[in-house]
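Asker: What follows is a single structure, and I will ask about it in a moment.
The values are calculated or read from the model by the stated rules, or taken from the named source; none is laboratory data. What you see is a predicted model; the values in this text were computed from it and never measured. In this analysis, Cβ positions are derived from the backbone assuming ideal geometry, glycine residues included, and neighbour counts consider all displayed protein chains. Protein only, heavy atoms only, side chains kept; ligands, DNA and RNA dropped before computing areas. Shrake-Rupley method; radii C 1.70, N 1.55, O 1.52, S 1.80 Å.
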Amino acid sequence: MQDNRFDTPVTVRSPKSSDNQLLRGPQEASGFLLNNWPGKRSPKHRAALQACHDALSGDKPVMSARRALVAAAREADILVREAGAD
């Protein structure tokens, strides 16, 4: 079984609390995308959800899911900028 964790976790602002949320892999990211996503579900959101599903099934690399998640989070303005982050 492959490692289903991002090399570098993605930190996003959580709309349901004042705390930031750390997403460590496609499973956590998928849950966030489905249950906690703020606002509109755009094509980038759908692409991130599909990329997470593909990574979990082993069809695509985990890094592809991370890139798609970062793109969607940037678009939604919930990506927390960190040193060394995308």
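Asker: Mind grabbing the base-10 log of I(q)/I(0) for the chain at q = 0.14, 0.24 Å⁻¹? Debye formula, identical points on the C-alpha positions, no solvent, two decimal places.
Answerer: With one equal scatterer per Cα and no solvent, log10 I(q)/I(0) is -0.40, -1.19.
Asker: Then there is this: Would you work out the relative contact order for the chain, in percent, from Cα pairs under 8 angstrom that are 6 or more residues apart?
Answerer: It comes to 33 percent, rounded to a whole number.
Asker: Out of the trypsin sites (Lys or Arg not before Pro) in region 46-85, which ones are loop residues according to DSSP with at most 12 other C-beta atoms within 10 Å?
Answerer: Loop-located and lightly packed - Arg81.
Asker: Sticking with this structure for a sec: Taking loop as defined by DSSP and a crowding limit of 16 other beta carbons within 10 Å, which GluC sites (Glu not before Pro) in the chain fit?
Answerer: Glu82
Asker: OK, next. Taking 0.36 nm per residue of sequence separation and subtracting the Cα-Cα distance, how much length would be gained by fully extending the chain between Arg74 and Ser42, in nm to one decimal?
Answerer: 10.3 nm
Asker: While we're on this one: Leaving out ligands and nucleic acids, and using a 1.4 Å probe, what accessible area per residue does region 23-86 come to in Å²?
Answerer: 53 Å²
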